[in-house]
Amino acid sequence: MTKRNFLVLLAVLVIACALPFLVSNYRTFQLTLVLVYAIALLGLNILTGYSGQISLGHGAFYALGAYVTAILMDKAGVPYWATVPAAGAVCLVAGFLFGLPALRLEGLYLALATFALGVSMPQLLKYHHLEKWTGGVQGIVIAKPEAPAFFPWVGLPLNSDRWLYFFTLAVALLMFALAWNLLRGRVGRALVAIRDQHIAAEAMGVNGALYKSAAFGVSAMYTGVAGALGAIAVQFVAPDSFNIFLSIVLLVGIVVGGLASISGALYGALFIQFVPNIADEISKAAPWAIFGVFMIGFVYLMPTGVAGAIRLLLAKRRSP
Amino acid sequence: MITKVFLVGLVAAGLALPAHAQKKYDAGASDKEIKIGNTNPYSGPASAYGTIGKSITAYFKMLNDQGGINGRKITFITYDDSYSPPKTVEMARKLVEQDEVLFVFQTLGTPSNTAIHKYMNMKKVPQMYVATGATKWNDPKNHPWTMGWQPNYQSEARAYVAHILKTKPNAKIGVLYQNDDYGKDYLKGFHDGLGAKKSMIVKEVSYEVSDPTVDSQIVQLQASGADVFFNITTPKFAAQAIRKAYDIGWKPVHYLNNVSNSVGSVLTPAGLEKSVGVISSAYIKDATDTRWTNDAAIGQWREFMKKYYPDGNQADVFNVYGYSVAATIAQVLRQCGDNLTRENVMRQAASMKGWRPETLLPGITITTSADDFAPVESVQLERFNGKQWELFGAVLGR
């Protein structure tokens, strides 16, 4: 990491820590959701951006993570922070297992298989033999975590919204650091090699099937962790929260943010959190048409995503 | 304790004369305006309901043109939640914490309202006249800040029971219901209504939303010898049930829940001639019904649609619904006078005594009390004559 990058990172961190004290609780809640989406997008980016496999069903893993957290908190009384790694673990296994057979499918066929997963998830969650745990269509309402007692003691005015933001921020930082370590090393190179030319990659000794399944598992884990954090922030899960649209919006997020870029996840998250609200304010009659205009605008003006556009801009400034 | 104070407050309100009340405001109200918040699915799978939000917006525009309520203009802030509960939570928080509305009104959908139920009650911001038929909104003891509006599923089911007991006291009843909370809500009302006579039900069968058809269930019901059929199904399955019953020659007295009484999307696909004699219920004047062609209230409504919501479909009963529910909340605010606190909004909404918007069916009135948070509780039965629904009999329910 260059000194310059380090300084930028530090500045972003300082802003991220100061923000909740400068804006209302409602905005803090929205920022928490941005972090949640950023983690999910990072997960999807590992799969789609780096290893080149399109998933139209990541909303299903988001839902799975959310339900693991909700069920553990509501039925088993597990504290909220302990449910997040559990959700991640469940999704890692589920993603890996789903990945094994699904990865025999290439490109568009994989997209269809994952699409099937995304479409069926809300109905599976309504399945009446699981109702005991999932609450059926009613969903599960979960309690909001309170800020721990030592915070006022340190002198910080921390309500539960701010606390939740910092909790999510900490998890997000951990997940980003992990991804950064993973992707810039051997594993990242192997994934990119598979994406760009899988025969050549295998000739170099990269185990394609294993890496692909692992990428699917890790990607699902990220999305599951995001789902868990999202459930805690929203305090409610129901099958209707996780329809196919969620999966598609996640895909939109990584494309707009920038494929194969870690910082792109954050830009994408800002886009999917705030642009629909802006669109709704512009027109009640056709919010999605306005959203579409934004999307076309972004893709047209920044074909490599926001992250790519920023990279290009910096490169231009540096070269004389 | 809070409930007690609330109840005492309600009693006190009955005695106090509003004319002498001083001006009192909570967030969202002032000498000039009253801010009301709302979420509606303008996009997404349930966007057909979006017209309700639009007709309410138009209603308040008309009201403001006429001078507002007690000299105050209504600011109606409505956001799209795409029928997605997490989005509803976000938007409800925006309305309460950022826009600082006096209360939210007509938030639409059972899952969406469930998602914000706890939040609204914790914040003590009224969640007024939620747009869903579930019975759980009538729970003043545990959720004193939430109130429904339309007849809930249980009161509707009880109305059918009343009619069955009166016209066919020795009926053998077969029930088909969707196996989820919507179906079970109806079923509970049906059981409660029958009470000790529950043994009149000879067969109960259910189906899953994911089932392709309900054909085998209909065959089972016919085999049970039932001569009355209570059909608790959503539109697609309702059409299948009507058609199958006709095709296999089963001719029970057929009660169809209000959820599926659309001529266009249920009876037409089932076959209009196969639907003759089906009984359902209504509580609102359907503008397409020739009976209301010269009705004054529907005439006014048409004027309103023409002037304030010209894009709206006049054949869509949701637009009558939006108009009626907006008229009801306007009445609550009139009753509030200059005391525009959140507590007083709930108190006035819980002390309606027989008031009615004229777009409800004749004889249906709104009565609420401190332990009855169900405004519209009665329905009138209707029978399909092959062309349109025909209302008959007295208004049933409270």
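Panel order for B:343, B:156, B:358, by other beta carbons found within 10 Å of each beta carbon, from fewest to most: B:358, B:343, B:156.
Other protein chain C-beta atoms within 10 Å of residue C-beta, averaged over A:233-244: 6.
Could you rank the peptides A:276-286, A:7-17 by their average count of other C-beta atoms within 10 Å per residue, with the highest value first?
Output ranking for A:276-286, A:7-17: A:276-286, A:7-17.
Peptide packing: for B:75-82, A:45-52, the average count of neighbouring Cβ atoms within 10 Å per residue gives the ranking A:45-52, B:75-82, highest mean first.
Ellipticity at 222 nm from helices only: DSSP H runs of n ≥ 4 in the protein assembly as shown, each -39500 (n - 2.57), divided by the residue count, give -17500 deg cm²/dmol. Axis of helix B:153-167 versus longest Cα principal axis of chain B: the two differ by about 50°, to the nearest ten degrees. Tell me, A:311, B:334, B:356 in order of fewest to most beta-carbon neighbours within 10 Å? By the 10 Å Cβ count, ascending: B:334, A:311, B:356. In terms of other Cβ atoms within 10 Å, B:295, A:240, B:371 run from fewest to most in the order B:371, B:295, A:240. Given R₀ = 41 Å, what would the calculated FRET efficiency be for residue A:133 paired with residue B:263, taking r from the Cβ atoms and rounding to 0.05? Computed FRET efficiency for residue A:133 and residue B:263: 0.55.
With springs connecting C-alpha atoms under 10 Å apart, model chain A as a Gaussian network and identify which of A:194, A:296, A:54 has the largest mean-square fluctuation. For chain A, modelled as a Gaussian network with Cα springs under 10 Å, the answer is A:296. Between region B:70-119 and region B:122-178, the C-alpha centres lie 23 angstrom from each other.
Per residue, the convex hull spanned by the Cα atoms of the protein assembly as shown measures out at 192 cubic angstrom. Between residue B:23 and residue B:273, the distance separating the two model label sites (each 7 Å from Cα on the Cα→Cβ line) works out to 6.9 nm. Looking only at B:330, B:349, B:315, which one moves most when chain B is put into a Gaussian network model with springs between Cα atoms under 10 Å? Comparing B:330, B:349, B:315 in a Gaussian network model of chain B, the most mobile one is B:315. The Kirkwood radius of region A:36-115, taken over pairs of alpha-carbon atoms, gives through the Stokes-Einstein law at 10 °C and 1.306 mPa s a diffusion coefficient of 118 µm² s⁻¹. Per-residue mean of foreign Cβ neighbours for B:81-94 is 6 (Cβ atoms of other chains, 10 Å radius).
Convex hull volume per residue, computed on the Cα atoms of region B:154-282, equals 92 Å³.
Ratio to report: Rg/Rh of chain A, with Cα atoms as the point set and Rh obtained by the Kirkwood method; give two decimals.
0.97
What would the Debye equation give as log₁₀ I(q)/I(0) for region B:213-288 at q = 0.27 Å⁻¹, counting only Cα atoms as equal point scatterers? Ignoring solvent entirely, the Cα scatterers give -1.43. Given R₀ = 45 Å, what would the calculated FRET efficiency be for residue B:197 paired with residue A:174, taking r from the Cβ atoms and rounding to 0.05? After rounding to 0.05, the efficiency reads 0.10. GNM on chain B, alpha-carbon springs under 10 angstrom: the most fluctuating residue among B:131, B:171, B:282 is B:171. Per residue of peptide A:285-295, the mean number of Cβ atoms on other chains within 10 Å of the residue Cβ is 2. For region A:59-84, backbone nitrogen atoms closer than 11 Å to the point 7 Å from residue B:184 Cα along Cα-to-C-beta are found at no residue.
Region A:215-282 and region B:298-333 have Cα centres separated by 38 Å.
Size descriptors for region B:293-340 (Cα atoms only): Rg and Dmax, in that order, 12.9, 40 Å.
Under the simplified labelling scheme, the residue A:93-residue B:165 pair shows an inter-label distance of 5.3 nm, with each label point 7 Å from Cα along Cα→Cβ.
Quick note: the coordinates plus some simple rules give every number you see, no bench work behind them. Remember, predicted model here, so these are calculated numbers, not experimental data. Backbone-built Cβ (ideal geometry, glycine too); neighbour counts: all protein chains shown.
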